[in-house]
Amino acid sequence: MRLERRLLAIAPLLLVISMAIRTWTIVTGFGNETIDLYVYWALAPHVLDGDLYQVFSPHSPPDFPLPFTYPPFGALVFLPMTWMFWGLAQWSFRLLSVLCLYWIVRVALRLVAGEGWTADAKLWRRRAILWTAVLLWMMPIYHTFEFGQINLVLVAIVLAAMVARDDRVAGAGIGLTAGVKLVPAISGLYFLANRRWGAAAWSIAAFFASVGLGFLVDFDQSKKYWFELLGAADRVGPIATAHNQSLRGALSRTFGYDVGMSWPWVIAAVVSVVLALFALRAAVRASDALIGVLSVQFLGLLLSPISWDHHWVWVAPLLIWLVHARIAPWARNTLLVLWVPVMFWDVIAFQLNRQPTIWTISRPGWLSAIGWAYPAFALVTLVVVAVALKGAARSTEAKNTSKPMNAVG
């Protein structure tokens, strides 16, 4: 506690230092071009030219021309950014991403703190600043800045939407983010588990509105995306490169070929769904909104054909939950021991430096095992959450039932 008080006292300074060092490493390192952001900035205007899915980013790597991989609605969302010159767009987006990270931390801490946030808001706000400074060193977040990805923006919107009380706000937030990038659509499972039928309905309506807007702007390009390109995972990127931390990527590296949706993937997917549902049910019964949200998002990352390592920024609120939530020590310690090393040591770069090319699927056994880090730990997390929260729910129910008996006695 004494150490925490000292760190909280200098939390703003630590945040400034973290931002300065991370900015320097990004600008002087590989990510100085923020190549993914350049895809959005350079190609989004083509949604108005009718050739959105026929062009490639001029700043693509030599071994993989980068296309626009999101639905037409995603290009429309990026259009305002293209009105800026490149340098302004680049730095504005970085600043927006930092603000979104801080927002994610605040929402996560408020969910964990509950009434404690109101009782000592100044303490929790200081913790939010400190956590933001620390999480800038988490590898998925660093790579999000390095590549200029939209992960933090989407996570901020999705997290806020999933826990919003107003069904219209919750549903619209999820539906529109799914219209930009499909994976957030998995969030509807959380609404169903909590019997928020209105939010689920609004999310479906908002999603189809985004699809409809895309067809209205360019029917042919929308038709091409939804009926030709939607299932083309190899167009998004090489399935088996170490960057891909989905079940399909891990299984493909292990088997030595792209498993697609064949029996290895089906078995792994079924196991993942079952574990996620158990974890989600335990979270709902324990009234733990944050870990319920994370259980659903982890399932989405596991099932998606491609989940780049920087998509795993959802581990950031998990770390906050592990440190601050009232859970069994064995559960907290187990998951921290697993996640902290792979989150703050660049295990992805370690693998990338040892793969012949991004297109080489087969890996030596030990390298394939390391390539399971994110999906394997996600599966373990779902198991631990289901078991730990089930025990917590039983304890809560026992206390609730014992109170009336004691009162009567």
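The values are calculated or read from the model by the stated rules, or taken from the named source; none is laboratory data. This is a predicted model, so every value here is computed, not measured. Here Cβ is always computed from backbone atoms with ideal geometry, including for glycine, and neighbour counts include all displayed protein chains.
Looking only at the range 149-172, filter to residues that are touching a helix residue (DSSP H, G or I) at 6+ places or on another chain (Cβ under 7 Å) and closer than 24 Å to Gly231 by Cα; which one of those is surrounded by the fewest Cβ atoms within 10 Å (Cβ to Cβ)?
Result: Leu154.
How many residues does the range 159-192 contain that are closer than 14 Å to Leu290 by Cβ and in contact with a Leu (Cβ under 8 Å, 6 or more places away or on another chain)?
Summing the residues that are closer than 14 Å to Leu290 by Cβ and in contact with a Leu (Cβ under 8 Å, 6 or more places away or on another chain) in the range 159-192 gives 2.
So if I check each of Val39, Val55, which one is modelled with pLDDT of 90 or more, surrounded by fewer than 19 Cβ atoms within 10 Å (Cβ to Cβ) and among the β-branched types (Val, Ile, Thr)?
Just one listed residue meets the conditions, Val55.
Every residue in the range 99-139 that is outside any helix (DSSP H, G or I), hydrophobic (A, V, I, L, M, F, W, C) and either surrounded by 17 or more Cβ atoms within 10 Å (Cβ to Cβ) or on the phi > 0 side of the Ramachandran plot (or both), please.
Listed by number, the residues that qualify are Leu136, Met138.
Check Val16 against each of (1) farther than 30 Å from Leu123 by Cβ; (2) exposed (fewer than 14 other Cβ atoms within 10 Å of the Cβ); (3) of a type in the set (Val, Ile, Thr) and name the one condition it does not meet.
Here Val16 clears every test but (1).
Exactly one condition in (1) surrounded by 24 or more Cβ atoms within 10 Å (Cβ to Cβ); (2) modelled with pLDDT of 95 or more is not met by Leu303; state its number.
Result: Leu303 fails condition (1) only.
Residue-by-condition table, conditions (1) of a type in the set (Gly, Ala, Ser); (2) crowded, with 24+ Cβ neighbours inside 10 Å; (3) part of a loop (DSSP other than H, G, I, E, B); (4) free of Cβ contacts under 8 Å to residues at least 40 places away in the same chain:
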{"site": "Ile186", "(1), (2), (3), (4)": "no, no, no, no"}
{"site": "Ala206", "(1), (2), (3), (4)": "yes, no, no, yes"}
{"site": "Ala240", "(1), (2), (3), (4)": "yes, yes, yes, no"}
{"site": "Thr254", "(1), (2), (3), (4)": "no, no, no, no"}
{"site": "Ile267", "(1), (2), (3), (4)": "no, no, no, yes"}
{"site": "Ser272", "(1), (2), (3), (4)": "yes, no, no, no"}
{"site": "Arg281", "(1), (2), (3), (4)": "no, no, no, no"}
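Tell me, please, whether a residue that is in contact (Cβ under 8 Å) with a residue 24 or more places away in the chain, surrounded by 18 or more Cβ atoms within 10 Å (Cβ to Cβ), of a type in the set (Lys, Arg) and part of a helix (DSSP H, G or I) can be found in the range 216-229.
No, there is no match, as no residue in the range 216-229 is in contact (Cβ under 8 Å) with a residue 24 or more places away in the chain, surrounded by 18 or more Cβ atoms within 10 Å (Cβ to Cβ), of a type in the set (Lys, Arg) and part of a helix (DSSP H, G or I).
I'd like the full set of residues that are within 21 Å of the chain's Cα centre (by Cα) and farther than 15 Å from Phe298 by Cβ, limited to the range 250-264.
Once the filter is applied, which keeps residues that are within 21 Å of the chain's Cα centre (by Cα) and farther than 15 Å from Phe298 by Cβ, the range 250-264 yields only Leu251.
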